[in-house]
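Down below is the structure, laid out as structure tokens.
The values are calculated or read from the model by the stated rules, or taken from the named source; none is laboratory data. Bear in mind that the values here come from a model prediction, so they are computed numbers and not experimental data. All Cβ positions, even for glycine, are placed from backbone atoms using ideal geometry, and neighbour counts span all protein chains on display. Accessible surface is based on the protein model in full, side chains and every heavy atom, while ligands, DNA and RNA are left aside. Shrake-Rupley method; radii C 1.70, N 1.55, O 1.52, S 1.80 Å.
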Amino acid sequence: MNRIPLAPYATDWRESRGRLHEEPGSAHRTPFQRDRDRIIHSSAFRRLKHKTQVFVEHEGDHYRTRLTHSLEVAQIARTVARTLGADEDLAEAVALAHDLGHTPFGHTGEDALAAAMEPFGGFDHNAQALRIVTELEHRYAGFDGLNLTWEALEGIAKHNGPALPPHPAALAEAEAGWSLELYTHSGVEAQIAALSDDVAYNVHDLDDGLRARLFSLDDLAGLPLVGPALAEVDARWPGLDEPRRSGEAFRRVFGAMVEDMLGETSDRLAAAAPESPAALRALGAPVVAFSPEMEAGVGEVRAFLFARMYRHPAVLAMREKAAKVVSDLFAGFMAEPERLPVEWGGAALGARGEAALARVVSDYIAGMTDRFALQEHRRIGGG
């Protein structure tokens, strides 16, 4: 397999720590390519197409879902990894898997499920993604989960930085089975996936909010990242129609964020000069980052989105309904676990104690799509 030469700090697939369950290697794919392919073929990945990003999936065909978001993150991660000499397949695998554990209705659903699970070990979507790929996917005869490499599991667990205690139950269980060294930063590929996530959602949330008419392009002109891009577009194409005007502006914002990430990360790598993946993990700080100037600009975009989109009355009304659906589902199945589907009923009946039952119910709800959660809510009489 001919590969582009990797930088010294990159994760070399030939030095992978392997898989928990030993398997023969592939003649045509590296271990990280197999990880990526297994994620793509998983049931959890397919369900992302009907899970909320910001807007409930059925509210419109053109808004991002968790699936389209994950694909956008993966595209950015591959580009950045290739440019920095990192393993692009590992970066892509972590990017594609990073949202597998999301509940229906996005962060609103997660907040509701976390509140319900607080007495039973908590809930966190990153930990749930790890639980999915180590336990809940049932595709292979020899093991539960997807049997991903250690490096992919580490990236899923720690792409946002060291996972410090107290750990959600799902993360603690995974760590007990195979230590992912939760106290360190992840490899460079997972760090790339994490910041690629920031690039993707900041730009596409602006685009989706504009499409939903929660704000206008004129409202965005005062933002330090968007205003110069709009001015450049208007100078080059005066009187351009709004879809093209926004498209041209957002692609410039997108490009500016990626270029800044590459520049700042290259500077940090040059200064630290890590000679191995272990040396990079031991630095005690992330190397993949925005410059202070870009971070300030991104912070203003986040503040704008919070005020004008995430806290918009229409979005808040949807979130209130979504939170009730998740809370009702949890309470209903805890009170009457026999109402769980047959494939989940056995696990519920075999659960030893309330905490174990709560984990089964939580796994079932977390895996739902938006539309299926609404359907189940109606079935159990939630209104």
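Step by step: first the residues of the stretch 227-245, then only those that are in a helix (DSSP H, G or I) and modelled with pLDDT under 95, then the one that is farthest from the chain's Cα centre (by Cα). Which residue is that?
Glu242
Between a first residue in the stretch 307-319 that is on the phi < 0 side of the Ramachandran plot and a second residue that is open to solvent by less than 60 Å² (accessible area, probe 1.4 Å) and of a type in the set (S, T, N, Q), which pairs have beta carbons less than 7 Å apart while being 6 or more apart in sequence or on different chains?
Pairs that qualify, where the first residue is on the phi < 0 side of the Ramachandran plot and the partner is open to solvent by less than 60 Å² (accessible area, probe 1.4 Å) and of a type in the set (S, T, N, Q), are Arg319/Thr108.
Residues of the stretch 193-226 being open to solvent by less than 10 Å² (accessible area, probe 1.4 Å) and more than 24 Å from the chain's Cα centre (by Cα), which ones?
Listed by number, the residues that qualify are Leu217, Leu220, Val226.
Which condition number in (1) open to solvent by 30 Å² or more (accessible area, probe 1.4 Å); (2) at pLDDT 95 or above; (3) touching a Phe, Trp or Tyr at 6+ places or on another chain (Cβ under 9 Å) is the one that Arg82 fails?
(3)
If you take just the helices (runs of 4 or more DSSP H) that sit entirely in the stretch 14-122, which of them hold at least 3 residues that are charged (D, E, K, R) and under 21 Å from Ile156 (Cβ atoms)?
In the stretch 14-122, the matching helices (runs of 4 or more DSSP H) lie at 31-40, 66-84, 88-97.
What number goes with the only condition from (1) surrounded by fewer than 24 Cβ atoms within 10 Å (Cβ to Cβ); (2) closer than 30 Å to Arg244 by Cα; (3) of a type outside the set (A, V, I, L, M); (4) under 15 Å from the mean Cα position of the chain (by Cα) that Asn160 does not pass?
For Asn160, the exception is condition (2).
If Pro5 satisfies all but one of (1) within 17 Å of Val94 (Cβ to Cβ); (2) open to solvent by 40 Å² or more (accessible area, probe 1.4 Å), what's the number of the condition it fails?
(1)
Check the stretch 169-180 and report whether any residue there is outside any helix (DSSP H, G or I), open to solvent by less than 50 Å² (accessible area, probe 1.4 Å) and in contact with an Asp or Glu (Cβ under 9 Å, 6 or more places away or on another chain).
Yes, some residue in the stretch 169-180 is outside any helix (DSSP H, G or I), open to solvent by less than 50 Å² (accessible area, probe 1.4 Å) and in contact with an Asp or Glu (Cβ under 9 Å, 6 or more places away or on another chain).
Going through the stretch 351-383 one residue at a time, which ones are under 19 Å from Met117 (Cβ atoms), among the β-branched types (Val, Ile, Thr) and touching a residue at least 40 places away in the same chain (Cβ under 8 Å)?
Correct list: Ile365, Ile380.
Picking from Ala129, Ala141, which residue would you name as being among the aliphatic types (A, V, I, L, M) and in contact with a Gly (Cβ under 6 Å, 6 or more places away or on another chain)?
Ala129
With respect to Arg251, determine if the residue is surrounded by fewer than 19 Cβ atoms within 10 Å (Cβ to Cβ), more than 30 Å from Pro8 (Cβ to Cβ), at pLDDT 95 or above and within 26 Å of the chain's Cα centre (by Cα).
yes
Only one residue in Leu262, Leu214 is out of contact with any Ser or Thr (no Cβ under 9 Å at 6 or more places or on another chain), in contact (Cβ under 8 Å) with a residue 40 or more places away in the chain and either within 19 Å of Tyr9 (Cβ to Cβ) or outside any helix (DSSP H, G or I) (or both), so which one is that?
Leu214 is the lone residue from the list that is out of contact with any Ser or Thr (no Cβ under 9 Å at 6 or more places or on another chain), in contact (Cβ under 8 Å) with a residue 40 or more places away in the chain and either within 19 Å of Tyr9 (Cβ to Cβ) or outside any helix (DSSP H, G or I) (or both).
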